[in-house]
Amino acid sequence: MISSAAAEQIETLFPALRGLPEALRTALYAKGALHTVPAGTALFSPGAPCTGFPLVIDGVVRVGKTTPNGREILLYRVQTGESCILSSGCLLGHSEYSANGVAETEVTLFHIPAGLFQELLLAVPAFREFVFGMLGARLAEVMELVEEVAFHRVDERLARLLVHRGPVLNASHQAIADELGSAREVISRLLGSFEHRGWVQLARERVTVTDPKALAALAAG
């Protein structure tokens, strides 16, 4: 059973769960479970069944797709106060996961069992609006990602990432490559070129932006 303090935190982060009918609220906190996992924990993988609807109470989950040759592209991140559209899609479609979910930081999740998720969806309009609103917003993000990958050069996308995440990006070249759906060798070569032009300074697992205007100009095409 979830404590009253934990229930209050959950409802503060997810207002759609406030004001539930008493029977549903009792079931939610009797059957739901809080889990905390360390950074690096694999939360789901392609082909795994979806057993419930996870709400992120604290931390960041990285959701990505891995190609047969081992390259990964970041699809989206799920942060505090959000949930994973892949989980909701699996529950709605009675299907298995098709991507990887990894705890990027220590993560605390509130897990709503699949059957109870369906009950909430049918009985609580606010919860239904939350789920479908989240689906719509994430779909728009993924469509932007598809456009980026399909129509923009890697150097433009790298420049845009550095402008948005700078002035200091603490990440390895491999992590940046994964986020952009590229190869580490390509990203290292481009970063070396940017450093030669005086746009960035490179250190171990750190990129410092020194000329954001030049990067922004490249990002704009």
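The values are calculated or read from the model by the stated rules, or taken from the named source; none is laboratory data. Bear in mind the structure is a predicted one, so any value in this text is a computation, not a measurement. Cβ placement follows ideal geometry from the backbone for every residue including glycine, while neighbour counts extend to all protein chains displayed. For the accessible areas, the whole protein counts, side chains as well, though only heavy atoms, and no ligand, DNA or RNA atoms are used. Shrake-Rupley method; radii C 1.70, N 1.55, O 1.52, S 1.80 Å.
Take region 1-36 and flag every residue that is basic (Lys, Arg) and more than 17 Å from Ala114 (Cα to Cα).
Across region 1-36, the qualifying residue is only Arg18.
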Would a scan of region 143-157 turn up a residue that is on the phi > 0 side of the Ramachandran plot and loosely packed, with under 13 Cβ neighbours inside 10 Å? no
From the residues in region 1-22 that are more than 17 Å from Asp58 (Cβ to Cβ) and open to solvent by less than 20 Å² (accessible area, probe 1.4 Å), which one is modelled with the lowest pLDDT? Leu20
By my count, helices (runs of 4 or more DSSP H) wholly in region 121-198 with at least 1 residues that are closer than 15 Å to Leu218 by Cα are 125-151, 154-165, 184-196
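Here is a yes/no grid of residues against (1) open to solvent by less than 30 Å² (accessible area, probe 1.4 Å); (2) assigned to a loop (DSSP other than H, G, I, E, B); (3) over 16 Å from Thr80 (Cα atoms); (4) among the hydrophobic types (A, V, I, L, M, F, W, C):
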site: Leu24; (1), (2), (3), (4): yes, no, yes, yes
site: Ala30; (1), (2), (3), (4): no, no, yes, yes
site: Ala39; (1), (2), (3), (4): no, yes, no, yes
site: Pro46; (1), (2), (3), (4): no, yes, yes, no
site: Val63; (1), (2), (3), (4): yes, no, no, yes
From the list Leu161, Leu122, Leu202, exactly one residue is of a type outside the set (Val, Ile, Thr) and either touching a residue at least 24 places away in the same chain (Cβ under 8 Å) or open to solvent by 70 Å² or more (accessible area, probe 1.4 Å) (or both). Which is it? Leu122
Criterion violated by Pro68 - all others in (1) of a type outside the set (Ser, Thr, Tyr); (2) part of a strand (DSSP E or B); (3) open to solvent by 50 Å² or more (accessible area, probe 1.4 Å) satisfied: (2)
